[in-house]
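First comes the structure, then the notes that go with it.
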Amino acid sequence: MFRMERRGKWFGGGINFLYVDESTHREKKEQEYYIINEQEFQIIRVRDEQQIRMMHNCLYGAQMKHHEIEWLINKGEFEYFDSVDEYITKKQEFYDSV
């Protein structure tokens, strides 16, 4: 899917925004929004309505398909967080333990 020698720079490096839109002209599906941190190899799903609204209206990001997100998690070895709240909680637990 992605060239492994480019790992960490697939989306320009750093922190970026991705979205999944698999709608067709026959079927409208809800878009999904993600934050990808290439430095830390993390993907964070955005679920908060206000955050989604902001991302939809104010940011530009790469459009992907579900199987590409799954590939990044499974084969690209990115750590997946199901929400921003989960990410914050896990980070806080990590910092509390060190």
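Miscellaneous remarks
- Residues of region 54-94 that are farther than 15 Å from Glu40 by Cα, out of contact with any strand residue (DSSP E or B) (no Cβ under 7 Å at 6 or more places or on another chain) and basic (Lys, Arg): Lys75 alone.
- Within region 39-85, being surrounded by fewer than 16 Cβ atoms within 10 Å (Cβ to Cβ), modelled with pLDDT under 90 and aliphatic (A, V, I, L, M) holds for Met54, Leu59, Ala62.
- Long-range neighbours under 7 Å by Cβ, at least six apart or interchain, first residue closer than 12 Å to Leu18 by Cβ and in a helix (DSSP H, G or I) within region 42-59, second open to solvent by less than 70 Å² (accessible area, probe 1.4 Å) and hydrophobic (A, V, I, L, M, F, W, C): Met55/Phe17; Met55/Val46
- Residue within region 5-16 that is at pLDDT 85 or above, among the aromatic types (Phe, Trp, Tyr) and out of contact with any His (no Cβ under 9 Å at 6 or more places or on another chain) present: no
The values are calculated or read from the model by the stated rules, or taken from the named source; none is laboratory data. None of the values given here were measured: they were computed from a predicted structure. Positions of Cβ are backbone-derived with ideal geometry, glycine not excepted, and every protein chain shown enters the neighbour counts. With ligands, DNA and RNA removed, areas are computed over all heavy atoms of the protein, side chains included. Shrake-Rupley method; radii C 1.70, N 1.55, O 1.52, S 1.80 Å.
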